[in-house]
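Here is the structure we will look at.
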Amino acid sequence: MKPADYPPPFDAREFVAAPTDPEDERIDVGILIVGAGPGGLACAIRLGQLLENAPGVRERLGEVPVAVLEKGKQPGSHLLSGAVVNPRALRRLFKGRKRVDEMPFYGPVEHESVYFLTSRRALRIPTPPTMKNDGNYVASLSQLGRWLAEQAEEGGAMILPETSALKLLAADGRVRGVRTGDKGRGRDGEQLGNFEPGVDVVARVTVLAEGTQGHLTGVALNRFGLAGENPQVWALGVKEVWKVARPLDGVIHTMGWPLRAASKYREFGGSFIYPMGKDMVTLGMVVGLDYRDVELSVHDLLQELKTHPLVRKLLDGGERVAWGAKTIPEGGLLSLPQQLHAPGLLICGDGAGLVNVPALKGIHYAIESGSLAAEAAFAALQRGQTPSTPGALAVYDEALRQSFVWKDLKEVRNMRQAFGRGFWLGGALAGAMTATKGHFPPGDTRTERDSEQELLRTDRAQSYPASDGKLTFDKLSSVFASGNKTRDDQPNHIVIRRDVPTELARMWERMCPAQVYEATADGVDVTPSNCVQCGAITAKGGRLTPPEGGSGPEYTLT
């Protein structure tokens, strides 16, 4: 049995519409950016810089030249990453304006180590070349996002938080903007006393920077036939932030235990432990969602990891202060859309799939792609240019292909797929790819959808540690630690089949880090108010759609 055998009752065409609001009730902006993450905010910042010296273009864009929609309570609310950041793209974006030491980093990476774990031992191994972090900086992506939002607003962008983008507005073969979601509806869709209808937001250019599992990105790929030859594949990351008694002086990565090496399990991933100043550390577990075991739970694997002597001693005497979860696109170059533009539309960042899995990096690619999207949009708005004509925004794709982003991704394009053959063979192939910068083995290796993997069941869950509220934690207390803001009585935003076999229902139950799904005798029950919008369900047989704006986690340290 495969999750793909039970597809969700979801039709992307239902989320494309022509503008319907009267012209005097629409919100009219020049350039609309969907998503206040690093890609979207870099786009807004770069546009502000370009418009500084182009008053004529700024005037033609109207009262709101640049607007950014953010579905969270504020910029940063839904941002989560490791994170060790390569500052290359930030240096280019803020050249002559901001220095790296003015950015909200916890400091440069001073030491790093990689360990291969067994259940009781930790063997230090040489750091793979792709994972070296010399010159990179430790950050909280949530904090970096809030700082970038401040820079975007100083440059003239208008940020609209608590606003979900529900439908893609398209007419006459081009994108016209988005329609925002309603607010104040009850569980069955009825209008409550505080009901506010969504509104059409129309723009000359729309930039989708929604991040991982972007709702309208998927809709746009379907509407304009942009999807590439290979499907995207995903990983799920679950992380915690701890206050600790003793500072950590370097970054740590682990591989091996608690994952299993045999190819039949398809368990690819590892952990990270990073210092956040002198009194905090962040640690997380990342696992590819092409795994097969119904009993696998990334949240519980993280709890198990913390019982290892190497990790336990780092946390001894400490206190967990934050928790969160998010999916990561892992398909790399070969899973990118065949093109990242359509008439009136650009796609950037994680939504496009710009992540280098072997290097554990994607933030600087999002920032660079957002900057390049801004430059392409600005060029298409010059006199005599029309961004809505076919090919007018193709300069963005070309600029991305000429950038360091494309070069980096090309060198590692086959590495993720290699680990589908198991840890040891995958590691050997990855070594050859690293040594030859992607030239050997030759050719391109296809990806397989996570939902196409046949399920198996073991007794894996028996080894997960019980929650003690000090070192190990259950899922519900973790959702509380995320600051989740979802109303209990708002409409369900998760689209799945309910009448599924027990094995699939159990897989969803184990998979979800927020305890949204519960296997029943008749299929599966859903508690959507627990959802932290990680996106794992979209990879494994369902479909996440945008909940009411302002819902979901309130991340501050992740």
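The values are calculated or read from the model by the stated rules, or taken from the named source; none is laboratory data. The shown structure was predicted, so the numbers you read here are calculated from the model rather than taken from an experiment. Every residue, glycine as well, gets a Cβ built from its backbone with ideal geometry; the counts of neighbours run over all protein chains shown. Ligands, DNA and RNA are excluded from the accessible area calculation, which covers all protein heavy atoms including side chains. Shrake-Rupley method; radii C 1.70, N 1.55, O 1.52, S 1.80 Å.
Other residues within the sphere of radius under 15 Å centred on the Cβ of residue 462, judged by their own Cβ, net out at 0 (K and R +1, D and E -1).
Which percent of the accessible heavy-atom area of the chain goes to carbon and sulfur, probe 1.4 angstrom?
Solvent-exposed carbon and sulfur of the chain make up 48 percent of the total.
Volume per residue of the convex hull around the Cα atoms, evaluated for the stretch 164-239, comes out as 155 Å³. Shape analysis of the stretch 376-500 places it in the oblate category; the axes a ≥ b ≥ c from the Cα gyration tensor give an a/c of at least 1.5, with a/b not above b/c.
Highest mean packing first, where packing is the average number of other Cβ atoms within 10 Å per residue, the peptides 125-133, 320-328 line up as 320-328, 125-133. Dividing the mean sequence gap of close Cα pairs (under 8 Å, 6+ apart) by how many residues the stretch 111-248 holds gives a relative contact order of 12 percent. Rounded if a/c is under 1.5, else prolate if a/b is larger than b/c, else oblate: which is the stretch 1-108, with a ≥ b ≥ c the root eigenvalues of its Cα gyration tensor? It is oblate, given that a/c is not under 1.5 and a/b is not larger than b/c.
With an 8 Å cut-off on Cα pairs and a minimum separation of 6 or more residues, tell me the relative contact order of the chain in percent. It comes to 22 percent, rounded to a whole number. Once the C-beta distance of residue 101 and residue 454 is scaled by a Förster radius of 35 Å, the resulting FRET efficiency is 0.10 to the nearest 0.05. The alpha carbon centroids of the stretch 14-30 and the stretch 468-534 are separated by 34 Å.
Here the extension length gained between residue 386 and residue 125 equals 88.5 nm, from 0.36 nm per residue of separation less the Cα-Cα distance. Distance between the C-alpha centres of the stretch 98-140 and the stretch 230-291: 12 Å, rounded to the whole angstrom. List the lysines whose Cα sits under 29 Å from the Cα of residue 2, skipping any in the same chain fewer than 8 residues away. Output for residue 2: 239, 264, 326, 475, 540. Other residues with beta-carbon under 14 Å from the beta-carbon of residue 238 carry, at +1 per Lys or Arg and -1 per Asp or Glu, a net charge of +2.
Entry note, the stretch 154-201: relative contact order of 29 percent, from Cα contacts under 8 Å with a spacing of 6+ residues. At a probe radius of 1.4 angstrom, the accessible area of the chain per residue rounds to 40 square angstrom. Over all Cα atoms in the chain, the spread is summed up by Rg and Dmax: 22.4, 67 Å. Let me make sure I get this right: for the stretch 1-57, a, b and c are the square roots of the gyration tensor eigenvalues over alpha carbons, sorted descending. Under 1.5 in a/c it's rounded, otherwise prolate if a/b > b/c, else oblate. Which is it? Here the stretch 1-57 falls in the oblate category.
Within straight-line reach of residue 98, meaning a Cα separation under 29 Å, sit the following lysines at least 8 residues removed in sequence or on another chain: 71, 73, 132, 278, 361, 407. How much net charge surrounds residue 38 when only the other residues with a Cβ under 11 Å from the Cβ of residue 38 are counted, with Lys and Arg +1 and Asp and Glu -1? Residues near residue 38 contribute -2 overall.
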